[in-house]
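Below: the structure, in structure tokens.
The values are calculated or read from the model by the stated rules, or taken from the named source; none is laboratory data. Because the structure is a prediction, the values reported are computed rather than measured. Neighbour counts are summed over all protein chains in view; Cβ atoms, including those assigned to glycine, are modelled from backbone coordinates with ideal geometry. For the accessible areas, the whole protein counts, side chains as well, though only heavy atoms, and no ligand, DNA or RNA atoms are used. Shrake-Rupley method; radii C 1.70, N 1.55, O 1.52, S 1.80 Å.
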Amino acid sequence: MDSTIQLQASGIVKRFGSETVLDGIDLQVHRGEVLVVLGPSGCGKSTLLRCLNGLERVDSGQIALDGEQITADGAHMARMRQKIGMVFQSYDLFPHKTILDNITLAPIKVQHRPRREAEQEAEELLHRVGLWEKRDAYPRQLSGGQKQRAAIVRALCMHPEIMLFDEVTAALDPEMVREVLDVMLELAQQGLTMIIVTHEMQFARAIADRIVFLDGGRIIEESAPEQFFTAPQTPRAKEFLGTFTFTKRSTEQNSVII
Amino acid sequence: MQDLGISLLFKGSNMARLFGGLWVTVQISLIAVLLSIPLGILFGLFMTLKHPAARLVSRVYLDFIRIMPQLVLLFLVYFGVTRTFGVNLSAWTSAILVFTLWGTAEMGDLVRGALISIPRHQYDSAEALGLTRLQTYTYIIIPQTLRRLLPLAINLTTRMIKTTSLVVLIGIVEVLKVGQQIIDANRFDYPTAALWIYGVVFFLYFFACWPISLVSKRLEKRWR
């Protein structure tokens, strides 16, 4: 991580009807930094990511990548999007295309790269995430974890400068979560700039350079992971972290009563 | 020797007449299907519109066509329109009109179903990869819609072919009617004719619809 600011968001406001989902978000992400966004469900985490790559139009505020404004108008947006990779919670591979075709579609059609070159890179990336032998398979033939790894490769093949991960393990069986998180850890170690929305607290603590805690559409707390998990500053964050140890406490209490 | 009903098939031009009848059936259904596909696609797109007036119009049209038995629709167009508006539609035109109206409604509903069944995140992930709207439709949405639509559209086609047998009742002589005529004309010479002739009619329908079903099965297998 260096000190260059790669992504800068200031005063982001997003409303759905009368409901304000994001209420003035200011965010700076440095090159090579891994930022983890935490918060209770409905706090606007996913919406924030969707705003950052222009899937949602912001009502006010500005977003800049490498100093260049991200606006919602057509051609410019398409060019900016190539610099921002995104992986979603639901398996978003295209079901009618093979894994290789899923990965090479955008490099060939959007970036106009030669097919051979795109395929070669796709195969190398697939090799790295252990999916090389699945290159000609269809998404339905893959497990959830494999699909998410393929989706990560698909985003990587566009050579993004920053990657957004929107609860990528939330829909996975527990035993498949690990293989996806391992891929993300490896990317972080290679110095890719990442913004991660997750509910995996252990993982957040291990991978994050910085934690942002969101509630009610605002950033409530922003700190280093060790500090956030050991000594959260706000009552809201304490309460939130408390919900993850709830089961343990309640069973202890039960055993006392019995 | 007691004459077998089967020899009736080869008497005179009976076989040719049956095939002629089948041709009428196939012609009516083919024209109706060919008209229904483009109209149905347009109607399907129209049905996905959110405007309340568009919703009302498509709802009323679809329900009207679906609730009415096809026979009633045929009578309504063939007899009703002539009586009420003084427009003299031939039985042929009426049949094509009714089957196109019906096919358009059913096809439209299939198109609508296929379109809305494409999950939102397919659009999102295509967009996030930098694909333009046109590219998203060309490479992602339309291929998936077609895959869902084609087997259903083919089943609709076979249903339409079978239902054209109703046009007898507004006086069109198609395969079933030809069969009846042959049976009636030879009632005394060939008492078992009904079995043989209807048997042949069965196979004629079967061979008209079977290849279409086969294609649909294959596509379903290949695309699912």
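Yes/no matrix, rows are residues, columns are (1) open to solvent by less than 70 Å² (accessible area, probe 1.4 Å); (2) more than 10 Å from chain A (Cβ to nearest Cβ); (3) outside any loop (DSSP other than H, G, I, E, B); (4) without any contact (Cβ under 8 Å) to a residue 12 or more places away in the chain:
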residue: B:75; (1), (2), (3), (4): no, yes, yes, no
residue: B:94; (1), (2), (3), (4): yes, yes, yes, no
residue: B:106; (1), (2), (3), (4): yes, yes, yes, no
residue: B:110; (1), (2), (3), (4): yes, yes, yes, no
residue: B:140; (1), (2), (3), (4): yes, no, yes, no
Legend entry - Residues of the range A:102-114 classified as open to solvent by 60 Å² or more (accessible area, probe 1.4 Å) and either at the interface with chain B (Cβ under 10 Å from one of its Cβ atoms) or under 17 Å from the mean Cα position of the chain (by Cα) (or both), total: 1
Inset, instruction - Exactly one condition in (1) at the interface with chain B (Cβ under 8 Å from one of its Cβ atoms); (2) of a type in the set (A, V, I, L, M, F, W, C); (3) under 20 Å from residue A:29 (Cα atoms) is not met by residue A:63; state its number. - result: (1)
Inset, instruction - Could you tell me whether any residue of the range B:155-165 is surrounded by 21 or more Cβ atoms within 10 Å (Cβ to Cβ), touching a residue at least 40 places away in the same chain (Cβ under 8 Å), more than 12 Å from chain A (Cβ to nearest Cβ) and small (Gly, Ala, Ser)? - result: no
Legend entry - Qualifying residue in the range A:157-168 (condition: crowded, with 17+ Cβ neighbours inside 10 Å and on the phi > 0 side of the Ramachandran plot): yes
Inset, instruction - Please verify whether the range A:127-142 includes one or more residues that are closer than 15 Å to residue A:156 by Cα and either within 9 Å of chain B (Cβ to nearest Cβ) or of a type in the set (Lys, Arg) (or both). - result: yes
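Answer yes or no as to whether residue B:132 is closer than 29 Å to residue B:218 by Cα, in contact with a helix residue (DSSP H, G or I) (Cβ under 9 Å, 6 or more places away or on another chain) and within 14 Å of chain A (Cβ to nearest Cβ).
The answer is no for residue B:132.
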Inset, instruction - Check the range A:73-87 and report whether any residue there is more than 10 Å from every other protein chain (Cβ to nearest Cβ) and either in contact with a Pro (Cβ under 9 Å, 6 or more places away or on another chain) or open to solvent by 10 Å² or more (accessible area, probe 1.4 Å) (or both). - result: yes
Inset, instruction - Kindly indicate which of B:152, B:115 is more than 10 Å from chain A (Cβ to nearest Cβ), open to solvent by 30 Å² or more (accessible area, probe 1.4 Å), closer than 30 Å to residue A:168 by Cβ and in a helix (DSSP H, G or I). - result: B:115
